Structure formats: structure tokens, C-alpha cells
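The structure appears right after this line, and notes come after that.
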Amino acid sequence: MSISYEDSGVSREEGYKAVSLMKEVVAKTMHTNVLNNIGSFGAMYELGKYNNPVLVSGTDGVGTKLEIAFSMKKYDTVGIDAVAMCVNDVLCHGAKPIFFLDYLACGKLSGEVAALIVKGIADGCYEAGAALIGGETAEMPGFYKEGDYDIAGFCVGVVEKDKIIDGSKVSENDVIIGISSSGFHSNGFSLIRKLVRDYNAVFEGEKIGETLLTPTKIYVKKVLPLLEKYNIKGMAHITGGGLIENVPRAVAKGYKAVIKKDSFKTPSIFNYIQYLGNIKEEEMYNTFNMGIGFVIIASKEDKDNIINDLQDMNEYACEIGYIAKNDDEDKSGICLE
């Protein structure tokens, strides 16, 4: 008796179907720097005209937020999260994201579901101005349960070497500007899932599962123009570890970020999660973004213009703190007031 690959639980037909459904949404992310089409063994990208280009790379996944998405049978937003987590990271060093690759794994492949997930990835890439130049879809029966999917991504950005932002120019009395998040983004969901048992329960007129699935905001096209106009000294993407762990990553040694907690709006969904778990305030700020998804550090002279430019682009932005000397000269730090 012979056995086929299909007998082991892998469907070639669903794989072909998925690729066919993906092609159209992926095509919209392409631009002239991409030198070959999907289907080649490797993706080719021409950098173009740079004097001394530095590649900045980042990789990440969506985490356990996926469980909510699949419970709600909503597949078209988590791909945006996968892209956002990567492109926002490379942006922190002043890099423009140029291309993205995705990895999608599952137990049993559904062409329609995979295409919806990749549609979200393509939407995120389009929003970030990055080409979706390749990826991998792995059907792994017996390793993942049927209906389970995992997503990860890899992004490459480019910046001129003399324009790299690494926090080394941050100094005392610089201003910290916060840009609003769209919600929890893609962090803290292992805790959230312990507290929210019914994703169909209504919170402020919407199913709480829908609220929790709001995609991570992509900051690329709002922040890149600012880099051309202002002397931005540091930037931080507020991901796992919240404000407490991420803001110091953008601050030079010997300095600390002083964050004024009452200077920005914290969306009510954060307060609700804190209430459900009776979570201590410090734990909230060390786990979630608390309504601030991205941080810019600049001089006082540029502060008002940066905030006004962001508001002109329909972004809620405000001064949330300042830079001070740190007690430990060998480390950067943070203080919440």
C-alpha cells in the first residue's frame, strides 16, 4: 500500500489555491526596486541611490493575540499587526522600511483563511511603503492543531549612515513627545486572555473581541517626514515591556526619561482590563503601552512644530515628559511622575 503527501495531512491543492488568492493583494505592495516576481527562490531588491546606506532589520510575530482573532473568526487584521511590529521597530533608527517577508504556519491549510491573513500583511506593507517580496506558508499537521495559525515577519529598512538615530545625541531637558496607540497593539495578550473570557461581551457598544483586535498602528508615513525637517534625537516603539522598558532604549547612557502620567489620554479599555485583574499601576505601565504607541525625543525648540505637524496628519500627539540626568551614569533610566 502506497502513501502520498496528501495522506499525511498536507494539501497541495489548498496551497496552490492560497498562492493564487494572495497574488493580487501582494502585487499592490510592489514598486520598481523589486526585481523579480513571487515564485523565485529568492527575492531581489535594488537599493537605489544612497551615499552610505545602512540596512536596519527587525523580526517579530503577533503573539497570543492570534487566539482572539481565530476565536472571532476574523483573519484580516492580524497580518497588519505582524507588519507593524517590525516596521515600527526599524523606524526607531531613522530607517525607511523597504521590504518585508512573512512566515505563516498552520496545522491544516485553508486557502481562504491564509489569503485573508496575507491580505492583512499586504495592507500593512502598503501602509508602511514596504514591498511584500516573499514569504513561506508551512502546513504542519500534527504539530499545530487544525484551525491554529502562527504568523511572523521580517523587515529590512535603509538609512544613510550619518542619519542613524540611536539616542546618543539625547541630552538633558530634551522633550519626550508621545503619539497615540490604537489600543493594546500586539502586546500583553497572554494577560488579557486570562481576564477576558467572553470575546462577544459588549464593551462600549462593540464586542470586546473586536476592540482587542484593533490593528497595531503603523507610524512610518507620519514619522519619516519629520526626520527630514527636525533634529529628532531618539525614538521608541512601545511594545512588550510598555513605556517602562522601551523608552530608556532610546535614551543615552547617563540620562533618564521622566514620564508625566497625567499628560496623555489612556483609553478606557486599558482601565477596564486593569479593573478586571486588579492590576497594579506599575504592572500596567510595564506591560502595556497605556495609549502611547510611539515616542519621539527632540529639543524644546522643535517640540511645538513636531506636535503641530502630527496633529495636521490627524495624529493625537502631546508632550509626555522630558529628559533628566540619571543617577547611574552608566545606564539610561525612566521615572514615572
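For region 228-337, lysine pairs separated by 8 or more sequence positions, or belonging to different chains, with Cα-Cα distances below 15 Å total 11. Seen from Cys318, the other residues with C-beta closer than 12 Å to its C-beta sum to a net charge of -1, counting Lys and Arg as +1 and Asp and Glu as -1. Using a Gaussian network model of the chain in which every pair of alpha carbons under 10 angstrom is joined by a spring, one finds that among Gly48, Gly111, Gly277 the greatest mean-square fluctuation is at Gly48.
Equivalent ellipsoid of region 204-271: semi-axes from √(5λ) of the C-alpha gyration tensor, largest first, are 27, 18, 11 Å. Taking the 1.4 Å solvent-accessible surface of the chain as the whole, the part contributed by carbon and sulfur is 48%. If you wrap region 204-337 in the convex hull of its Cα atoms and look at it from every side, the mean projected area works out to 9.1 nm². The helix-based estimate of mean residue ellipticity at 222 nm for the chain, built from -39,500 (n - 2.57) per DSSP H run of four or more residues and divided by its residue count, is -9500 deg cm²/dmol to the nearest 500. For region 34-148, the C-alpha radius of gyration divided by 2.2 N^0.38 Å, with N the number of residues, is 1.15. Shown for region 45-147: lysine pairs separated by 8 or more places, or found on different chains, whose C-alpha atoms are under 19 Å apart, numbering 13. Basic side chains Lys and Arg get +1 at the Cβ, acidic Asp and Glu get -1 at the Cβ, and with that the dipole of the chain about its Cα centre reaches some 220 debye.
Scanning the chain for cysteines with no neighbouring cysteine C-beta under 4.7 angstrom from their C-beta gives Cys92, Cys106, Cys125, Cys318, Cys335. The long axis of helix 268-277 is offset from the longest Cα principal axis of the chain by roughly 80 degrees. Annotation: extensible slack from Lys73 through Asp150 equals 26.3 nm (criterion: 0.36 nm per residue apart, minus Cα-Cα distance).
Each Lys or Arg adds one and each Asp or Glu subtracts one; over the other residues with Cβ under 10 Å from the Cβ of Val54, this totals 0.
Note that the chain carries a Kirkwood radius of 21.1 Å, evaluated over its alpha carbons pair by pair. Which angle from 0 to 90°, rounded to the nearest 10, does the C-alpha axis of helix 111-128 make with the longest principal axis of the chain? So the inclination is approximately 30 degrees.
With +1 on each Lys and Arg Cβ and -1 on each Asp and Glu Cβ, how big is the dipole of region 271-337 about its Cα centre, in debye rounded to the nearest 20?
Dipole magnitude for region 271-337 comes out near 200 debye.
Run the reach check for Lys207 against aspartates and glutamates, Cα to Cα strictly under 18 Å, same-chain hits fewer than 8 apart removed. What comes back? Hits, sequence-local ones excluded: Glu67, Asp76, Asp198. Against the main long axis of the alpha-carbon atoms of the chain, helix 300-312 sits at an angle near 40°.
Which whole-number percent of Cα pairs in region 16-65 have a distance greater than 14 Å? When all Cα pairs of region 16-65 are counted, 70 percent exceed 14 Å.
Annotation: for a label point projected 7 angstrom from Cα along Cα→Cβ of Asp166, residues of region 75-118 with backbone N closer than 15 Å are 92-95. Each of Lys280 and Asn231 was given a label point 7 Å from its Cα along the Cα-to-Cβ line. The distance between the two points is 4.1 nm.
The values are calculated or read from the model by the stated rules, or taken from the named source; none is laboratory data. Computed from a prediction, not measured in an experiment: that's the story for all the values here. Here Cβ is always computed from backbone atoms with ideal geometry, including for glycine, and neighbour counts include all displayed protein chains. Heads up: the accessible areas ignore ligands, DNA and RNA and are worked out on the full protein's heavy atoms, side chains in. Shrake-Rupley method; radii C 1.70, N 1.55, O 1.52, S 1.80 Å.
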